[in-house]
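Only the coordinates and a few stated rules stand behind these numbers; no lab work does. Bear in mind that the values here come from a model prediction, so they are computed numbers and not experimental data. So basically every Cβ, Gly included, is an ideal-geometry build from the backbone, and we count neighbours across all protein chains shown.
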Amino acid sequence: MRYVLLSETGPSVSRLCLGTVSFGTGLPRAAAFEQLDRFYERGGTFLDTARVYAAWLPGGDQASEKTIGAWMKERKLRNRIVISTKGAHPDLKTMNVPRMEKAQVSRDLEESLKALGTGCIDLYFLHRDDPAVPVTEILGMLEEFRNQGKLRRYGCSNWKLERIQAADREARRLGYEGFISNQLLWSIADINTAGIGDKTMVAMDGETFAYHAASGKSVMAYTSACGGYFAKKRRGLPLSPDLETLYGGPSNDALLARLPAWEAELGAAAASIVLAYIMAAPFPAVPIASFSSLAQLDQGLAAADLDIPGDMLEEIRRSRRFLCP
Ligand SMILES: NC(=O)c1ccc[n+]([C@@H]2O[C@H](COP(=O)([O-])OP(=O)(O)OC[C@H]3O[C@@H](n4cnc5c(N)ncnc54)[C@H](OP(=O)(O)O)[C@@H]3O)[C@@H](O)[C@H]2O)c1
């Protein structure tokens with residue numbers, strides 16, 4: 001495993017972040033513990049969760065955070081793990097109504113601390129924005145939580161670029177470190193925007209990529225495994241209609257056609273190449289990926305030791321359009 005610094009001051013995290021959205025629900029606790037054990041044994045230190053995972057399922061309220069909390073307690077590993085969790089997510093029935101009031105975010109944070117069984121979150125994300133609230137107010141709230149010792153650093157997820165830039169300027173003016181990371185929808189695949197079901201998600205685009213390259217702000221890329229789109233296609237495995245809607249199209253077909261040669265050249269599986277592409281960004285970039293088996297996790301872990309040669313990287317970058325209307 002290799003490690004990457006998310007900002008000049010830290011934290012240092014494993015190049016792969018383990019996504020845990022289905023821990024304690026789709027992936028029962030015993031299987032989740034197995035994944036966590038394997039990830040940690042292979043040097044993985046970085047876990048991504050959220051207070052809202054997986055509140056959309058019966059009995060799923062905070063199941064992911066609770067599963068991680070139970071594992072860290074049982075294995076006595078809290079201080080070896082970097083936890084990224086998120087609050088300020090809208091209520092699921094009213095996704096267009098932001099929840100950025102201090103009392104709401106404070107309650108979310110307290111509930112995350114409790115479920116995770118920790119006194120302090122390493123990296124706390126605002127899961128969505130409320131553009132009606134000035135960034136000065138939002139940063140002030142986060143600094144207050146930080147001063148109370150409840151979080152170490154903070155980031156934004158699914159924020160529009162202009163709001164991130166406004167928060168950067170305000171953080172500089174006020175002498176805060178500000179958002180150390182931006183968590184957004186990004187993978188090697190070009191994405192058909194019509195296939196994105198939740199319109200409050202924000203995806204990487206050319207302008208955002210250029211901003212990260214210039215500022216050096218770190219990125220955490222979710223859906224970085226493209227739901228297994230390329231890996232499954234390469235093995236002739238069936239794909240859900242949702243994945244076809246999201247990723248089907250000429251530019252991803254062209255990438256798929258190149259994969260057999262790249263797999264042979266690198267001695268790596270398509271699933272590993274897909275994740276290594278994110279790690280090769282010209283700024284600190286960590287793919288967050290979920291796995292439904294240990295075999296999938298192993299291919300994810302292999303990505304952390306893989307370097308994509310410059311010419312291959314150039315070819316991939318040249319062919320990417322990010323978003324297809
Ligand atoms: N900030 C946000 O708003 C946000 C939003 C979404 C997700 N996230 C975070 O990002 C994480 C990842 O998101 P995600 O699970 O939606 O996307 P993902 O990691 O792209 O997709 C995960 C799926 O990809 C497939 N897969 C992975 N490795 C594979 C392999 N080697 N071979 C074949 N298939 C493979 C598996 O599908 P099968 O199960 O079908 O085999 C797996 O369940 C989440 O757990 C969560 O922590 C954050």
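Data for the structure
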| read-out | value |
| --- | --- |
| Computed [θ] at 222 nm, helices only, for the chain once each DSSP H run of length n ≥ 4 contributes -39500 (n - 2.57) | -13000 deg cm²/dmol |
| Built amide H within the under 5 Å cut-off of residue 62, gap 5+ | 53, 54, 55 |
| Cα centroid separation - the range 255-325 against the range 115-132, whole Å | 28 |
| Over 32 Å (Cα to Cα) - which of 93/233; 73/233; 66/217; 66/93; 93/150; 66/233 fall in this group | 93/233; 73/233; 66/233 |
| Backbone HN-Hα couplings from phi across the range 247-259 [Karplus 6.51/-1.76/1.60, Hz, Gly and Pro as x] | 10, x, x, x, 6, 6, 4, 5, 5, 4, 5, 7, 4 |
| Overall dimensions of the range 1-99 as given by Cα atoms, namely Rg and Dmax in Å | 14.4, 41 |
| For the range 288-299, Karplus couplings with θ = phi - 60° (6.51, -1.76, 1.60), whole Hz, Gly/Pro x | 9, 9, 10, 9, 9, 8, 5, 5, 5, 4, 4, 5 |
| 0 to 90° range, to nearest 10: angle between helix 310-319 axis and the chain longest Cα axis | 80 |
| Cross-link pairs 76/102; 86/199; 86/114 - those with Cα-Cα distance over 22 Å | 76/102 |
| Beta bridges by DSSP in the chain, antiparallel share as percent, to the nearest 5 | 10 |
| Percentage relative contact order, the range 1-139, counting C-alpha pairs under 8 Å, at least six apart | 21 |
| In sequence order, calculated HN-Hα J values of the range 119-126 (Karplus, 6.51, -1.76, 1.60; Hz; x Gly/Pro) | x, 8, 8, 5, 9, 9, 9, 7 |
| Peptides 210-219, 234-243, 33-42 ordered by average Cβ neighbours within 10 Å, highest first | 33-42, 210-219, 234-243 |
| Helix axis angle, 135-147 relative to the chain longest principal axis, alpha carbon, degrees | 80 |
| Gyration tensor over alpha-carbon atoms, the chain, equivalent ellipsoid semi-axes in Å | 30, 23, 19 |
| Relative contact order %, the range 3-324, counting alpha carbon pairs below 8 Å whose residues are six or more apart | 18 |
| Cut-off under 5 Å, modelled amide H: who pairs with residue 183 long-range | 156, 157, 158, 220 |
| Ellipsoid semi-axes in whole angstrom, largest first, where each is sqrt(5λ) of the Cα gyration tensor of the range 214-282 | 22, 17, 11 |
| Whole-number percent relative contact order across the range 176-325, with pairs defined as alpha carbons under 8 Å at least 6 apart | 35 |
| Crossing angle, helix 29-41 versus the chain [Cα axis fit, 0-90 degrees, rounded to tens] | 80 |
